[in-house]
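Derivation of every value follows stated rules applied to the coordinates shown; laboratory data play no part. Source: prediction; values computed, not measured. Note that each Cβ is placed from the backbone with ideal geometry, even for glycine, and that neighbours are counted across all protein chains shown.
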Amino acid sequence: MHNHAHPDVCPAKCVKWLNSPIRKLIQNPRKLLQDYVKPGFTAVDLGCGGGFFSVELAKLVGATGKVISVDLQPEMLEFTREYARKNGVLNRITLHPCAANDLKLDSLEADFVLAFYMVHEVPDRQRFLNQVAALLKPGGCFYWIEPSFHVKAKQFQQMLGEAQSAGLIPKIPIKRLLSRGMVFTI
Ligand SMILES: C[S@@+](CC[C@H](N)C(=O)[O-])C[C@H]1O[C@@H](n2cnc3c(N)ncnc32)[C@H](O)[C@@H]1O
C-alpha cells in the first residue's frame, strides 16, 4: 500500500531504481555533492526516497555533522533507515516524516539543503520554497535538481522565479545528463 498524498508522488516500489548501483555511474552522490558539503554541516535531504543521497551526505558531514532525511512516505524513510544502517551511518541520520505541504522543520537551521528529483512532486511549490529559504542559515546552500523529462525548460524557468520570490539567490546552474538544476544561496 502506498501513502500517496498526491497522485504524482513516486511510489515506494521505485526505490529499487532510485538506489540501484547502476545509478551511481551517471549520478554519483559523492561527485555531485562533495564541493558543497563539509564536515560538521547540518544537511537536509528533502524527499530522500531510499536514502541514495542521505548516506553520502552522512559520510561528507562526518562524525561532527548531522543529516535530516525528510519524506512524506513512511516506507521511504524505512528504506533510508535500512540503507543507512548497512552503510554504517545511521547514527548521523534523523528520519523525519513530513506532510505534502509542510516540511515541519520550523526550529532547524541548515547549512545545506538538497532536493533531488522531488520538487515537481510537491503540490504547493511556493510554500515549499518559502520553507526551504526559512530553513537555511545565512550563506547556506540549496541544491535543487529536476529530471528534464518531467520538468521542461520553460517550467523550470517559472520554478526559478518562484525560488527567487522566496528569497533564494541562484548561483550555479547544474547542467547534467537528463537533468536541470540550480545551486542557490541566501
Ligand atoms: C523521485 S523520488 C527521489 C528520491 C531521492 N531524492 C533520490 O533522488 O533518490 C521523490 C521523493 O520525494 C518524496 N516526496 C514527494 N513529494 C514530497 C513532499 N511534498 N514532501 C516531501 N517528500 C516528498 C517522495 O515520497 C519520494 O521519496
Go through segment 127-171 and give me each residue that's crowded, with 19+ Cβ neighbours inside 10 Å and assigned to a loop (DSSP other than H, G, I, E, B).
-> 151, 166, 168
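Within segment 68-123, which residues are among the charged types (D, E, K, R), assigned to a helix (DSSP H, G or I) and within 9 Å of the ligand (Cβ to nearest atom)? Let's see the steps before the verdict.
Of the residues in segment 68-123, the ones among the charged types (D, E, K, R) are 71, 75, 78, 81-82, 85-86, 92, 102, 104, 106, 109, 111, 121.
From what's left, assigned to a helix (DSSP H, G or I): 75, 78, 81-82, 85-86, 92, 121.
Within segment 68-123, 75, 121 meet the criteria.
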Residue under evaluation residue 104, criteria (1) surrounded by fewer than 22 Cβ atoms within 10 Å (Cβ to Cβ); (2) among the charged types (D, E, K, R); (3) on the phi < 0 side of the Ramachandran plot, criterion not met = (3)
Has segment 99-116 got any residue that is aliphatic (A, V, I, L, M) and within 23 Å of residue 16 (Cβ to Cβ)?
-> yes
Which of the residues that make up segment 13-39 are more than 16 Å from residue 87 (Cβ to Cβ), touching a helix residue (DSSP H, G or I) at 6+ places or on another chain (Cβ under 7 Å) and either polar (S, T, N, Q) or free of Cβ contacts under 8 Å to residues at least 24 places away in the same chain (or both)?
-> 34
Out of the residues in segment 38-51 that are buried (at least 23 other Cβ atoms within 10 Å of the Cβ) and among the hydrophobic types (A, V, I, L, M, F, W, C), state the one that is farthest from the ligand (Cβ to nearest atom).
-> 43
